Amino acid sequence: MKIIVVVILLVIGPAALAEDKLDASMPVRGFCIAAPGPKSLEAFIGFIHKELAPRHVNTLILRVDYRYQYESHPELKDGQALSKEAVKTLVDVCRTNKIRLIPHINLLGHQSWAGNIGNLLRHYPEFDETPEVKMPEKYKWPNPDGLYCKSYCPLHPKVHEVVFALVDELCDAFEADAFHAGMDEVFYIGNDKCPRCSGHDKAELFAGEVRLIHDHLAQKHRKLWIWGDRLLDGKTTGLGMWEASDNDTWRAIDLSAVYFAMKGFPVVTCVYRRPKVAVSQVKDMERFRMTSTPEMKERFLGVMQTVWSDVGGFLEREYQGKASEKNSANNSWTSFQAMFDEMLKAQPEER
């Protein structure tokens, strides 16, 4: 299970909470998926109108990464990138349906996948934290290099000039008041062979990158969202190296703020593909908000469905009921339905 950490408290006005029972019980009702390409844009807009809006989804995170026609760094855009006009259409659709739209670019980690280098390190190999680790022809895990995904070096003097240009351009195009920086599953950080990072505390490096991104966004009054797994101790909790940190970055929680809701962070819990778990998370979040002190209550923001496939594949398979037999009952779409059925069952039909 992923948890989203919102680095600065989202202000939800008391008047709005009083007016809307649903907002009071679950302020963030989210959906996260990869951004559509031009070919799937129309179908995805239909999905927003038909499925997200009627369920009162009010937050949509689109994992854009390089699927946008960047003007600041056109060399980094994907072949199936969205135009500025296409993004404007998405912005208008979400605004019409009262959905907050938050764009995403993977920062720090996830600069490669399997045997493929991501656009940033392909065009700027000097940013690579581990240039000595070569991409294999056939990827396997585990492997001698500990390669899951590449990272960029957070101390490279030029890396933020590039990534912040992308962040600013994307946030402007999406007219966004928040940005999701990913920052999950960072396995490569503080590499002993890195001429800049060697000898640095991994927690300090991670906290420094969070702080730097946050401060950059704050200049334009934007909030930072990140996945929370690198701030959890994978060994002590038993969560392991995927859902938590096995390389000491978790200590950054005490260097960047205090521990999630208990330490001051607003949080959103995230669902993947287990309907029963989705229902439990909704009930847990409702209970947290009902039984917490006023100070704690507003740090429990809500729940979000995550889809870890492209839009086209999701709409053609899971949404159409064509998931493989072993996943027919447990997938992102069945989880989404169960989550919102539970969330909405005690709510009035109209706002």
Q) Among the residues of segment 170-188, is there at least one that is under 26 Å from residue 122 (Cβ atoms), modelled with pLDDT of 95 or more and not hydrophobic (A, V, I, L, M, F, W, C)? A) yes
Q: Just one of (1) more than 15 Å from residue 129 (Cβ to Cβ); (2) assigned to a helix (DSSP H, G or I); (3) in contact (Cβ under 8 Å) with a residue 24 or more places away in the chain trips up residue 215, so point out which.
A: (3)
Q) Residues in segment 169-177: is at least one over 21 Å from residue 64 (Cα atoms), under 23 Å from the mean Cα position of the chain (by Cα) and touching a residue at least 12 places away in the same chain (Cβ under 8 Å)? A) no
Q) Has segment 70-78 got any residue that is more than 23 Å from residue 113 (Cβ to Cβ) and either polar (S, T, N, Q) or surrounded by 13 or more Cβ atoms within 10 Å (Cβ to Cβ) (or both)? A) yes
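Results for (1) modelled with pLDDT under 95; (2) part of a helix (DSSP H, G or I); (3) within 26 Å of residue 271 (Cβ to Cβ), shown as yes or no for each residue.
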residue: 36; (1), (2), (3): no, no, yes
residue: 44; (1), (2), (3): no, yes, yes
residue: 49; (1), (2), (3): no, yes, yes
residue: 60; (1), (2), (3): no, no, yes
residue: 71; (1), (2), (3): no, no, no
residue: 90; (1), (2), (3): no, yes, yes
residue: 105; (1), (2), (3): no, no, yes
residue: 136; (1), (2), (3): yes, no, no
(Q) Suppose we filter segment 141-153 for residues that are closer than 12 Å to residue 115 by Cβ and exposed (fewer than 10 other Cβ atoms within 10 Å of the Cβ); how many remain? (A) 1
**Q.** Tally, over segment 258-303, of residues that are at pLDDT below 90, small (Gly, Ala, Ser) and more than 19 Å from the chain's Cα centre (by Cα)
**A.** 2
Q. When residues of segment 154-166 are filtered for being within 27 Å of residue 115 (Cβ to Cβ) and either in contact with a Leu (Cβ under 9 Å, 6 or more places away or on another chain) or in contact (Cβ under 8 Å) with a residue 40 or more places away in the chain (or both), how many remain?
A. 7
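The values are calculated or read from the model by the stated rules, or taken from the named source; none is laboratory data. On a predicted model such as this, the values are computed, not experimentally measured, just so you know. Glycine gets a Cβ as well: all are built from the backbone with ideal geometry, and neighbour counts include every protein chain shown.
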